[in-house]
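The values are calculated or read from the model by the stated rules, or taken from the named source; none is laboratory data. Predicted model only: the values in this text are computed from it and were never measured. Backbone-built Cβ (ideal geometry, glycine too); neighbour counts: all protein chains shown.
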Amino acid sequence: AQTVTQSQPEMSVQEAETVTLSCTYDTSESNYYLFWYKQPPSRQMILVIRQEAYKQQNATENRFSVNFQKAAKSFSLKISDSQLGDTAMYFCASPTSGSGGSNYKLTFGKGTLLTVNP
Amino acid sequence: DGGITQSPKYLFRKEGQNVTLSCEQNLNHDAMYWYRQDPGQGLRLIYYSQIVNDFQKGDIAEGYSVSREKKESFPLTVTSAQKNPTAFYLCASKDTGEGREAFFGQGTRLTVV
């Protein structure tokens, strides 16, 4: 079975500090993208960042960056200068094959609840 | 504005009754998905559809049914066969191009009493 594992159910960080959320995945796709989503208390899922597996360079979006280790199938999210608004559940997502072999399905991890403390 | 609309936001039903959750998108996406979210379980895939008039079971399809008669709509029916239907349900859609992210609705909280 293709799985996504987030080993940290909960984390906390002080405002302005840096925190890293871990994720490992297992996909049989040859070329794929990986995603981090954020779900704040409103429960609206919001895309944080995506990484193409064929790119050597780690993706960066403002204060959010990833550490992508393809061989290890690891895809961690680093949040710099944490803000109170970063408090949310964070989900890592990896594609899995659909019925036609195309990567239409996304498999999500169980999530990490991040709390940013003032 | 383009987006995905789920309705209603909160839904209450008596045990033994079927209930249908609505999901409509105007993003012109071919693929649509239904996920169930329970505390500590993340998002689990119920059903997905890549094209009109076609859909596939996800990981936890038992007790659920769907239809895809229009590109814009992908309703989910929670049947009385679903043993534990109380949950938060999320609908999503995605362009089938490479690397495209899924867009999500605001969810429906279903409570069965």
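Sort out which residues of the range A:48-63 are within 14 Å of chain B (Cβ to nearest Cβ) and touching a strand residue (DSSP E or B) at 6+ places or on another chain (Cβ under 6 Å), and write them in order of number.
A:Val48, A:Ile49, A:Arg50, A:Gln51, A:Glu52, A:Ala59, A:Glu61
Hey, does the range B:46-60 have a residue that's more than 13 Å from every other protein chain (Cβ to nearest Cβ) and either aliphatic (A, V, I, L, M) or surrounded by fewer than 19 Cβ atoms within 10 Å (Cβ to Cβ) (or both)?
Yes.
Criterion applied to B:Tyr47, B:Tyr10, B:Tyr33 was being closer than 21 Å to A:Lys38 by Cα and out of contact with any Asp or Glu (no Cβ under 9 Å at 6 or more places or on another chain), and the one residue passing it is B:Tyr33. Here the condition is being within 11 Å of another protein chain (Cβ to nearest Cβ) and at pLDDT 95 or above; of B:Gly107, B:Gly42, B:Gly97, it holds for B:Gly107 alone. Taken over the range A:81-109, the criterion of being surrounded by 15 or more Cβ atoms within 10 Å (Cβ to Cβ) and either among the hydrophobic types (A, V, I, L, M, F, W, C) or at pLDDT 95 or above (or both) is satisfied by A:Ser82, A:Asp86, A:Thr87, A:Ala88, A:Met89, A:Tyr90, A:Phe91, A:Cys92, A:Ala93, A:Leu106, A:Phe108. Taken together, B:Tyr47, B:Tyr64 contain a single residue that is modelled with pLDDT of 95 or more and under 15 Å from A:Thr107 (Cα atoms), which is B:Tyr47.
Among residues of the range B:34-51 that are more than 16 Å from A:Thr112 (Cβ to Cβ), those with a beta-carbon under 9 Å from a residue that is of a type in the set (Gly, Ala, Ser) and buried (at least 24 other Cβ atoms within 10 Å of the Cβ) at least six positions away or on a different chain give the pairs B:Trp34/B:Ala92; B:Tyr35/B:Ala92; B:Tyr48/B:Ala92.
Could you please find all residues in the range A:1-51 being loosely packed, with under 15 Cβ neighbours inside 10 Å, charged (D, E, K, R) and out of contact with any Pro (no Cβ under 7 Å at 6 or more places or on another chain)? Listed by number, the residues that qualify are A:Glu10, A:Glu17, A:Asp26. Looking at A:Thr112, is it within 18 Å of B:Gln37 (Cβ to Cβ), of a type outside the set (A, V, I, L, M, F, W, C) and in contact with a Pro (Cβ under 7 Å, 6 or more places away or on another chain)? The answer is yes for A:Thr112.
Could you tell me which of the residues B:Gln37, B:Gln56 is closer than 25 Å to B:Gly99 by Cβ, over 12 Å from the mean Cα position of the chain (by Cα) and of a type outside the set (Val, Ile, Thr)? One residue alone meets the criteria, B:Gln56. Of all residue pairs spaced 6 or more apart or on separate chains, those with beta-carbon atoms under 6 Å, a first member in the range B:18-33 that is of a type in the set (Asp, Glu) and a second member that is part of a loop (DSSP other than H, G, I, E, B) are B:Glu24/B:Glu72; B:Asp30/B:Thr96. Exactly one residue out of A:Met11, A:Met89 is over 21 Å from B:Leu45 (Cβ atoms) and either within 10 Å of chain B (Cβ to nearest Cβ) or not in a loop (DSSP other than H, G, I, E, B) (or both): that is A:Met11. Scanning the range A:1-47 for residues that are of a type in the set (A, V, I, L, M, F, W, C), at pLDDT below 95 and out of contact with any strand residue (DSSP E or B) (no Cβ under 6 Å at 6 or more places or on another chain) yields one hit, A:Ala1. For the range A:69-78, the condition of being more than 10 Å from A:Cys92 (Cβ to Cβ), surrounded by 14 or more Cβ atoms within 10 Å (Cβ to Cβ) and within 14 Å of chain B (Cβ to nearest Cβ) holds for none of the residues.
Determine, yes or no, whether B:Phe74 is aromatic (Phe, Trp, Tyr) and either facing chain A (nearest Cβ under 9 Å) or closer than 29 Å to A:Val48 by Cβ (or both). Taking the combined requirement at face value, the residue satisfies it.
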